[in-house]
Amino acid sequence: MAVTSLNSFLEYRPWRGLRNPVWMGAFAITRESLKLIFTRKVFWVVFSLAVLNFLLYFFGQYLFFWVADQQPDGLVRVGGFGRANQNDMMQFLRSVLKMDGSPETFRNFINLQSRGIIVLLVLAGASLLGEDLNQGSLIFYQSKSGGMRNYIVGKFLAASFLVHLFATVPALFLFLEICFIDTWTYLLYHPRLLFGIIGYGFVINIGLVSLLFATVGFFRSTIGLIMCWAGVFFLLPSLCAIMIDRLRLNPAFRVLDFWYCVERLGEKCLGASPTLLPGQTDHSLNPWLAVASLGFVFFISSFLTIQIYFKKGVES
Amino acid sequence: MIGVSPVATKPDIVPLWCKKVSKWHGNFLGLNDVSLELRPGITALLGSNGSGKSTLMNLIAGQLYPDTGSIRIFGVDPWTWRGKHLVGYSPDLDYFYSSWSINDFLMRMACLAGIESKKVPSLVNEILDVVGLLSVRTTLLRRCSLGMRQRAKIAHAILMDPPLLVLDEPFRGIDPVGRRDLVQLLLKLQSSGKTILVSSHELEEIEKLTSQVVMLRSGRVVSAGPVSRARDRLLNKPVEIALEIESAEQIRFLAQTVFNYSEVLGVHLPEGKAHILMVLTRNPEIVFSYLVKISIENNIPIRRLEVLDEAPAEVMESLFQG
Amino acid sequence: MILERGISLEFLKSFILGVKSTLAVHLFRAKVGHSLFWVSAGFLLLVAAVVVSVSFKNQWNYKTLKPRGQAGFNFKNSIEMIEAGSMALGHNAGVSAVCSAVSGASSGLLIESGFPVFTKNVVFSVLLGFLLPLWCLTFAVEGLGSEREGKTLFWLFSKPVPRSSIYVGKFLAILPWVIIWSLGGFFVLAVCAGDSGIFAFKLFWQPIALASITYASVFFFMGACLPRASLIALAYAFVVETLLGSMPGSLKQLSVAFYARCIMFQKSSDLGVVLEQGGGYGDFSQTMAICFMLGIALMFLVAGIFFFGKIELRGQR
């Protein structure tokens, strides 16, 4: 018996739906990648720490504005066990904790959240991208209409979602909080902050995600990824600290410290003043050098990504 | 000969002695109270996927330790380093030192086994010749075909000339010519006094090697001994006998006559085969005698007489379906 | 598991045979060229480049460093002040002579201060705190870890030699690689730093070698007996050695690097150079620190032999 068509043989109904454009396949990849990340325990551990940090800043800011609303020069009841001077509390929240809705608040918050993003991308990045390379599954993506383009875009969107989930979105919530508990004029007086938060998130997104693609493509395993990122985010800053802070070499050497450049660009976006860590000397890294450092990393990472995923990805 | 539990023989005089061996894999019981002993010769280990064959073989080879019971190879526990002298194992795994060649692999394994370094090259050459890999000895293992890697594993198993060989799926990936050569090799090893336990899904080759089988199902031994005994002991399913006679006109007469006997449960004339009669019975030996009597009395020459489902494949299929 | 009851002559012979044969097969056949190795090499090049650039600028001394707690003047400025003061007091010969002597001695000290600066900034912090654990990890974890990950342990377990001999043999096979890589890396950094670095190498190569052996034992144990050994070893290297090792108080005594630093501290103190105030490095003598490190190495070796003998190969398809 000759089989004339698969439909008649298997008694399939003919397709009656509308087909989406090819580029929407990227969203399916994003969706499935995020599902994969959400099944990892490490994601929920890091996410809970990020939520704790967010709550700290949320209530810290709330406390600041609430204290500011009390009688000036008066005493403020702290919990049920004591009283504190209003000015002292505000000074503490402003100068020490920096939870006063200033650009430094958002800078510190996003910097802390970024640590979580780095840990998450290192531990989950291998399963997000490395497994496809190790198991040879890229060929399944290549055989579809969108090909590797959809794959790269889909994975990029998934990693970007994580970055913004941890950094940009909570920072925007903190900004909104101030608008609610202070006045809406806060938005009018600090438009740069709003765009700065989005800009800082964008800078972290570009920097970290492009680095992730390149390093996962090169190492393909969690171990190699961890070691490489330890070098970038630990060894390089340590070496720069030794060279500049202890041995008083040219501060321009800080351009080697990729994460320092990202943080300085973030400060510029937010309009925050730079803060010196203990032992750190005055740094005056030209913002354009920071842009150049980020641009260099992005360019090299993109080049490696194209080489690894588009040209060599199918080879085992 | 294969012993079935309870094992009565002393463990130090038989090649393989297992008593009440059980093995857990987490919450899953991989092997359940298995007792058996093997004598010199080839024994097939049969069972569907997940029946516990590889677990039993790993236990015998000393790669796993039984949770209950004990295993002895000529009285020695295979888990200990002394026991490793007595068993050569060709596992089902396909992981090698991929950057080594076949020759390097066997030479280094021989060194690790403690064979004198002067004797290693000649020994390895001899073994490579036996398994048919001499001409491709310098091929890297990562570039070898599955069949070549299978032969390398078997070569490794016979490296130390152990009295017991345990071969897990040795025919997998080997072409028909290679399988024939491997069957010859195993028969030769058997004739030199070795005890061989081989598991395979290639039942044609198993039939050529041995009629002694151990059948596993869900971690238990369901049968140990000749295939026919397994069938007789375990199955209620009647035997089907295929009878081919020369004259198609006499086939109906033969069917009517043989059906009169109480031992015959049914007869069947297959469509499109005029010369063939299928007879269903639980007592094939008695029915054979009837058929011979009818054939002589009525001058009906019988061209072929065959019991259809005595083969391990049919026995296995029947066992594991039911 | 059935343990060997007592140590019979037969067991000893098999043990020695097993160690010899494992060593013969695996010595100098360590897996070089894997990704960890290239990352370690990359780190060495990076740090060497930084050290070279510092050496090029002749910055391995105290000249531009500021005294602790003082802003403004650095040591060089301070000496210049003493010299200026001595010139101003030129009419008082005695005071002037004392000032000249002090400034001369201080200048000499500044010039020769490359050794403590290099040791504190490179050897103590970067090498011991970050690079050395990673270099040792590179080879030690792969020793039996690669066999576990590659599922080739069967080929070792099927041999008629005690498993303890396989463990010890493999350990001895990776040890030369670990020591060569660690001391070689230290030597490269020392050469890049010039005379100060070479002096530091001559003085400190023994504690570095001892630390390498201890790390090798720890990481080899992890590779042989723990699942996802590389990850655990990295976590140990970063959390215990890097993080805890630089914390104040007694937490740092959990790290192997602490005992290496104690030996270095004692050695440099014998030369009159105090590398670090506080930190507790002076509380342990050299002998005690050596005993601790050897004890840790032996403890992990014995533990590894014990647990390695219990491993069952499951599900290796």
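Any read-out appearing in this document is the output of simple, stated calculations on the displayed coordinates, not a laboratory observation. If you're wondering where the values come from, they're calculated on a predicted model, not measured in any experiment. Counting neighbours? That spans all protein chains shown, and the Cβs are built from the backbone with ideal geometry, glycine included.
General observations
- Contact order relative to length of chain B, as percent, for alpha carbon pairs under 8 angstrom and 6 or more apart: 18 percent
- When each of the peptides C:147-153, A:48-54, A:194-200 is scored by the mean number of other C-beta atoms lying within 10 Å of its residues, the order from highest to lowest reads A:194-200, C:147-153, A:48-54.
- With a simple spin-label model that places each label point 7 Å from the Cα along the Cα-to-Cβ direction, the separation between A:ARG115 and C:TRP205 comes to 4.0 nm.
- Over the C-alpha atoms of segment C:217-273, the Rg to Rh ratio, Rh being the Kirkwood estimate, stands at 1.13.
- Computed Kirkwood radius, in angstrom, where 1/r is averaged over Cα pairs of segment C:80-221: 18.6 Å
- Long-range amide H partners of B:THR68 with built H, under 5 Å: B:SER22
- Simple spin-label estimate for B:PHE288 and B:ARG252 gives 3.1 nm between the two label positions (7 Å along the Cα-to-Cβ direction from each Cα).
- Rg then Dmax, both in Å and based on the Cα atoms of chain A: 24.2, 96.
- In this structure the amide hydrogen of B:LEU165, modeled in the peptide plane, comes within under 5 Å of the amide hydrogens of B:GLY88, B:THR195, B:ILE196, B:LEU197, none closer than 5 places in sequence on its chain.
- P(r) weight above 25 Å for segment B:1-149, C-alpha pairs, percent: 42 percent
- Extended-chain gain in nm, criterion 0.36 nm per residue less alpha-carbon gap, B:MET278 and B:ASN49: 79.2 nm
- Over the residues of chain C, the helix contribution to mean residue ellipticity at 222 nm works out to -22000 deg cm²/dmol, using -39500 (n - 2.57) for each DSSP H run of at least 4.
- Each eigenvalue of the Cα gyration tensor of chain B, multiplied by 5 and square-rooted, gives one semi-axis; in descending order these are 44, 24, 16 Å.
- Potential lengthening between B:ASP77 and B:LEU308 on full extension [0.36 nm per residue; Cα-Cα distance subtracted]: 79.0 nm
- 10 Å Cβ neighbours from other chains, averaged over peptide A:244-250: 5
- Look at the stretch C:122-131: the mean tally of other chain Cβ atoms within 10 Å of its residues' Cβ atoms is 2.
- Helix C:195-225 axis versus longest C-alpha principal axis of chain C: approximately 30°, rounded to the nearest ten.
- Highest-first arrangement of A:248-257, B:35-44, C:79-88, where packing means the average Cβ count within 10 Å: B:35-44, A:248-257, C:79-88
- 3J(HN,Hα) along segment B:293-306, derived from phi through the Karplus expression 6.51 cos²θ - 1.76 cosθ + 1.60 where θ = phi - 60°, amounts to 4, 5, 4, 6, 5, 10, 6, 10, x, 9, 7, 8, 9, 9 Hz, with x in place of Gly and Pro.
- Within a straight-line Cα-Cα reach of under 12 Å, B:LYS194 can be paired with the following aspartates and glutamates, leaving aside sequence neighbours fewer than 8 residues apart in one chain: B:ASP161.
- Using R0 = 45 Å, the C-beta based FRET efficiency linking B:ARG180 and C:GLU312 works out to 0.80.
- Under 18 Å of direct C-alpha separation, and excluding same-chain neighbours fewer than eight residues apart, B:LYS208 reaches these aspartates and glutamates: B:ASP168, B:GLU169, B:ASP175, B:ASP181, B:GLU306, B:ASP309, B:GLU310, B:GLU314.
- Annotation: the antiparallel percentage among DSSP beta bridges lying fully within chain B is about 65.
- Phi angles of segment A:97-103 translate, via the Karplus equation with coefficients 6.51, -1.76, 1.60 and θ = phi - 60°, into HN-Hα couplings of 7, 6, 10, 10, x, 7, x Hz per residue; Gly and Pro are given as x.
- For the protein assembly as shown, projected area of the alpha-carbon convex hull averaged over all directions, nm²: 60.1 nm²
- Note on B:106-112: average number of Cβ atoms from other chains within 10 Å of each residue's Cβ is 5.
- Relative to the dominant Cα principal axis of chain C, helix C:163-193 is inclined by about 20°.
- Between B:ILE13 and A:ARG13, the distance separating the two model label sites (each 7 Å from Cα on the Cα→Cβ line) works out to 7.5 nm.
- Computed on chain A, with alpha-carbon pairs under 8 angstrom and 6+ residues apart, the relative contact order is 21 percent.
- DSSP beta bridges fully contained in the protein assembly as shown are about 70 percent antiparallel.
- Nonlocal amide H pairs with B:PHE74, under 5 Å, H built at 1.01 Å: B:VAL14, B:LEU16, B:TRP17
- B:HIS201/A:ALA84 FRET efficiency (R0 60 Å; Cβ-Cβ; nearest 0.05): 0.15
- On the beta carbon distance between C:LYS151 and A:LEU55, with R0 = 41 Å, the FRET formula returns roughly 0.35.
- Taking 0.36 nm per residue of separation and subtracting the Cα-Cα distance, full extension of the segment from B:ASP129 to B:LEU269 would add 45.2 nm.
- Compared with the dominant Cα axis of chain A, that is its longest principal axis, helix A:168-181 is turned about 40°.
- Calculated from backbone phi, Karplus (6.51, -1.76, 1.60) coupling profile of segment B:196-206 in Hz, x at Gly/Pro: 10, 10, 10, 10, 6, 9, 8, 6, 4, 5, 4
- Within straight-line cross-link reach of C:LYS120, lysines at Cα separation under 24 Å, skipping those fewer than 8 residues along the same chain: C:LYS57, C:LYS63, C:LYS66, C:LYS76, C:LYS202, C:LYS252, C:LYS267
- Mean separation of Cα contacts under 8 Å (6+ apart) over length of segment B:200-301, as relative contact order %: 23 percent
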